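Written out below as structure tokens is the structure these notes cover.
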Amino acid sequence: MQTQRHRLNHKFSLNSPLKLASSLLFFPNHKPASPANTLAMNRIFSFFLLLFFSINLPAQQRPWGGIDLNDFYKTKKKELTERSGDFYVVDSLYCFLFDGASQMDVPTTRQYNLEFSDDGGEVLESLTQEYLPEGNWRNSQHEFFIYDSEGNLVEQTKQLWDTLSGAWVNDLRTSNTPNANGDFTDVLNQKWDVAANGWQNLDRLILEYDQNGNIQLLEQEVWDTMAAGWGKSFRILYAQTPEGQIASTLFQLWQNAGYQNISRTFLTYDDATDLETEQVAEVWNNAEMQWFKSSRSLKDYDSSGNLTSETTQLWNAPDTAWLNQNLFLRNYNADGEVTIKTDLVWNGDQWRNFFQTENSFDQNGNIDRFQVSQWDGDSWQQLNSCDFYWRFHHVVEAVEKANELDCKMPNPYKIGTPFSCPGLLSGQAERLSVFDLSGKMVYTKEIENQNFINIAEPLPTGLYILIVSGKEGLIFKRKTVIVE
């Protein structure tokens, strides 16, 4: 089965048009500019570009907040044993801010992936907590992910922690509609309306494809609460090469009851490798009714096809020359994983170090830490870091699922809180066992009353795996945060 996660890595997938869209220059109040002012405007365009596209991409392309794991490790299944369906998944992620005074990592956030799909390793539920100055962890956000039978992410819901009520409250929801090929045709973003006690539309993306599955159109509409209807916002038109690669894009804003040109991009590919080598962006000048050069990016690869450098440049119209802006360098290990990513800026004479990200990997090739540093003029100074904790994901057989019951257990679970497992048969010697992430059993007891089950002994606050088992094997299994 081909999952949506795999499709997002395909160069003709939805992912490429959206990334390409983020390379288009955008300015909401576009005014005519002379060529002499083009360079200054390009800098302004680049700022608004980042602001705009950071809040308008579909949920499957970006996180609502925090760190996107896809930036730091490949979400591919690793065939580790004779069971090709078993592989590693990220159990939890801890992030830190480096304190220069104490030379220590200070916790900031942690994320627990609480539940995965049985056969695909997709995250179904995650919990994020923030570290408070007094030294305690507090719930921050709770996310749920729903996939269809083909592995397409069709719904993502985010909840925020209400410190006053001590409960989760709805915040955002994204609903994706895939076609037969698994490409999204509609992406709907909604926000929870407390007063109406329901979901309120925010915006939606409408996408169209040709008969070969190539993206042709991406259009955003914004919900007008006063008119109770959709209003047009922007659109991107795509053209492909005969091989199906994106050849050009046209970005237009809805203004004065019609679409107005803003920017366009042309892409160039290597004839031998089909890898993208150049993107050139142009902006539309309303006064002169013509296109002007704006920016470009140049890409280089190693013999394995890994992107090793990307240079971005802005067009200087008075000098009719390209001016360097940023340089991104990537180093790889033998497995093709990025070990060091360095960002440099042009100071007028030479490239100057700016940021650097170092990735380290465990013996199985899974990333276990990344660390971000900033250049202070003489050396790299650590800023922040994140540690990854992986576990081996076992594909649950269908026979196991047939015997599972749904225990009514809160998550997070507070020591001593009773919960029930309706449907347990009396006299079957069922047992509750608790394991830490290393696989060590830290608590066990026989279940005497299915309507009153609890963990009576104190355990350190953290993530655990709870199992209810009987004579016939596994009955219930859940990953749960336990708090003292």
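The values are calculated or read from the model by the stated rules, or taken from the named source; none is laboratory data. Given the structure is predicted, the values throughout are model-derived calculations rather than measurements. A quick note on method: Cβ atoms are made from the backbone with ideal geometry, for glycine too, and the neighbour counts reach across all protein chains shown.
List of remarks:
- Within segment 173-198, being buried (at least 17 other Cβ atoms within 10 Å of the Cβ) and assigned to a strand (DSSP E or B) holds for R173, T174, S175, N176, P178, F184, V187, L188, N189, Q190, W192.
- From the list G427, G416, G423, the lone residue that is on the phi > 0 side of the Ramachandran plot, modelled with pLDDT of 80 or more and part of a loop (DSSP other than H, G, I, E, B) is G416.
- Hey, A272 in a strand (DSSP E or B) and under 30 Å from Q211 (Cα atoms) or not: no
- Residue identified as closer than 26 Å to G377 by Cα and either in contact with a helix residue (DSSP H, G or I) (Cβ under 6 Å, 6 or more places away or on another chain) or touching a residue at least 40 places away in the same chain (Cβ under 8 Å) (or both) among L327, L323, L344, L267: L323
- Residue check, L466 among the hydrophobic types (A, V, I, L, M, F, W, C), in contact with a Leu (Cβ under 9 Å, 6 or more places away or on another chain) and at pLDDT 80 or above: yes
- Taken over segment 87-112, the residue count meeting the criterion of being closer than 25 Å to F361 by Cβ and touching a residue at least 40 places away in the same chain (Cβ under 8 Å) is 17.
- Among residues of segment 199-251, those that are of a type in the set (V, I, T), free of Cβ contacts under 8 Å to residues at least 60 places away in the same chain and surrounded by 15 or more Cβ atoms within 10 Å (Cβ to Cβ), counted: 2
- Top-ranked residue of segment 136-181 - restricted to ones that are at pLDDT 90 or above and small (G, A, S), ranked as nearest to L205 (Cα to Cα): S175
- Segment 393-413, subset in a helix (DSSP H, G or I) and of a type outside the set (G, A, S), residue modelled with the lowest pLDDT: V399
- Of all residues in segment 360-382, those satisfying the criterion of being over 21 Å from the mean Cα position of the chain (by Cα), farther than 15 Å from K341 by Cα and not polar (S, T, N, Q) are D362, D376, G377, D378.
- For segment 128-145, a residue qualifies if it is free of Cβ contacts under 8 Å to residues at least 12 places away in the same chain and at negative phi, and the qualifying residues are L132, P133, E134, N136.
- Looking at F355, F370, just one residue is among the aromatic types (F, W, Y), within 21 Å of S92 (Cα to Cα) and assigned by TED's automatic domain parsing to the domain that holds S102, and that residue is F370.
- Selection status of L97, of a type outside the set (F, W, Y), at pLDDT 90 or above and under 25 Å from N189 (Cβ atoms): no
- Members of segment 161-170 found to be assigned to a strand (DSSP E or B) and surrounded by fewer than 17 Cβ atoms within 10 Å (Cβ to Cβ), listed by number: D162, A167, W168, V169
- Residues of segment 135-155 that turn out to be of a type in the set (D, E) and part of a strand (DSSP E or B), as a count: 2
- Looking only at segment 354-374, and only at residues there that are surrounded by fewer than 16 Cβ atoms within 10 Å (Cβ to Cβ) and over 10 Å from D387 (Cα atoms), the one that is modelled with the lowest pLDDT: N364
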